[in-house]
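Structure record follows, encoded as structure tokens.
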Amino acid sequence: MEDLKNSETWRVFRVLSELVDGFETLHGIGPAVTVFGSSRLKPGSYYYEQAVELGRKLSNEGFAVITGGGPGIMEGANKGAKTGNGKSIGLNIEIPAEQIPNKFQDITMSFRYFFVRKLMFVKYAIGFVIFPGGFGTLDELFESLTLVQTNKISPFPIILFGTEYWSGLVDWLKTTLISNGTIELQDLGLISIVDNTDDVCRILREHRRVCEFE
């Protein structure tokens, strides 16, 4: 007889359990902003300290700040948010190279499945801020762009922080994807590129105001 706990059917129940836990835990956190970025950028580095500043400003404006819950940029944003008025939230992922949740969180969750965690990032955020990062950060960036482009979610700000870091990617989108017709020029309008935390807050503040009137 098949061992139910090792079956594909049992996996469905594990997925459902994570979904229910996520919905129940995050329901009612208020307007939130998800911040992505590398786990490898250390305290004292430029982008880490900018993430701390942004987390603090967003939290003081009443936004909850959601991150992947780990070190680097995630820790910086949670650290800043922890000092403000909004919730500091970390959505950790269970991976072989164990990611230790940072200590600057009001709400900590741990997920087995990437796709459930991604759903929580999107469902409870009114905008994404993308700091410099690697494959994981790029994955979140392009998935969010795809969801907005295909009208699977309502448009929201997708903000790249750091012109120097992201300009090469944006140039490639223009010279390769647009020139070959695989995306439209208007699709680049889904992205904002900024170098100042005040500009990030302004974009998100304006979007929140629009959402309140809809």
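Observations
- Flag for Thr34 being of a type in the set (S, T, N, Q), out of contact with any helix residue (DSSP H, G or I) (no Cβ under 9 Å at 6 or more places or on another chain), under 25 Å from Ile159 (Cα atoms) and surrounded by 16 or more Cβ atoms within 10 Å (Cβ to Cβ): no
- Some residue of region 67-79 being within 19 Å of Thr197 (Cβ to Cβ), in contact (Cβ under 8 Å) with a residue 40 or more places away in the chain, surrounded by 15 or more Cβ atoms within 10 Å (Cβ to Cβ) and among the aliphatic types (A, V, I, L, M): yes
- Subset of region 94-148 (residues that are out of contact with any Ser or Thr (no Cβ under 9 Å at 6 or more places or on another chain), among the hydroxyl-bearing types (Ser, Thr, Tyr) and closer than 22 Å to Leu41 by Cα): Thr108, Ser110
- Selection within region 184-214 - over 18 Å from the mean Cα position of the chain (by Cα) and in contact (Cβ under 8 Å) with a residue 24 or more places away in the chain: Asp187, Asp198, Cys211
- Among the residues of region 72-90, those identified as closer than 24 Å to Leu19 by Cα and either hydroxyl-bearing (Ser, Thr, Tyr) or not in a helix (DSSP H, G or I) (or both) are Gly86, Lys87, Ser88, Ile89, Gly90.
- For region 91-136, a tally of residues being more than 21 Å from Arg14 (Cα to Cα), outside any loop (DSSP other than H, G, I, E, B) and out of contact with any Leu (no Cβ under 9 Å at 6 or more places or on another chain) returns 2.
- If you go through region 91-146 and pick out every residue that is among the acidic types (Asp, Glu), without any contact (Cβ under 8 Å) to a residue 40 or more places away in the chain and closer than 24 Å to Ile158 by Cβ, you end up with 2.
- Candidates Val52, Val15: the one that is among the β-branched types (Val, Ile, Thr), assigned to a helix (DSSP H, G or I) and surrounded by fewer than 21 Cβ atoms within 10 Å (Cβ to Cβ) is Val15.
- Residues in region 150-163 that are in contact with a helix residue (DSSP H, G or I) (Cβ under 6 Å, 6 or more places away or on another chain) and not in a loop (DSSP other than H, G, I, E, B) were compared, and the one that is farthest from Tyr47 (Cα to Cα) is Ile158.
- Pair list, Cβ < 7 Å and 6+ apart or interchain, from region 33-57 residues that are within 15 Å of Lys87 (Cα to Cα) to residues that are assigned to a helix (DSSP H, G or I) and among the charged types (D, E, K, R): Val52/Lys79; Gly55/Lys79
- Conditions (1) out of contact with any Phe, Trp or Tyr (no Cβ under 8 Å at 6 or more places or on another chain); (2) of a type in the set (A, V, I, L, M, F, W, C); (3) under 27 Å from Leu145 (Cβ atoms); number of the one not met by Ile73: (1)
Throughout, read-outs are computed from the coordinates displayed, never taken from laboratory work. A quick note: this is a predicted structure, and the numbers were derived from the prediction, not measured. Heads up, the Cβs are rebuilt from the backbone with ideal geometry, glycines too, and the neighbour counts pull from every protein chain shown.
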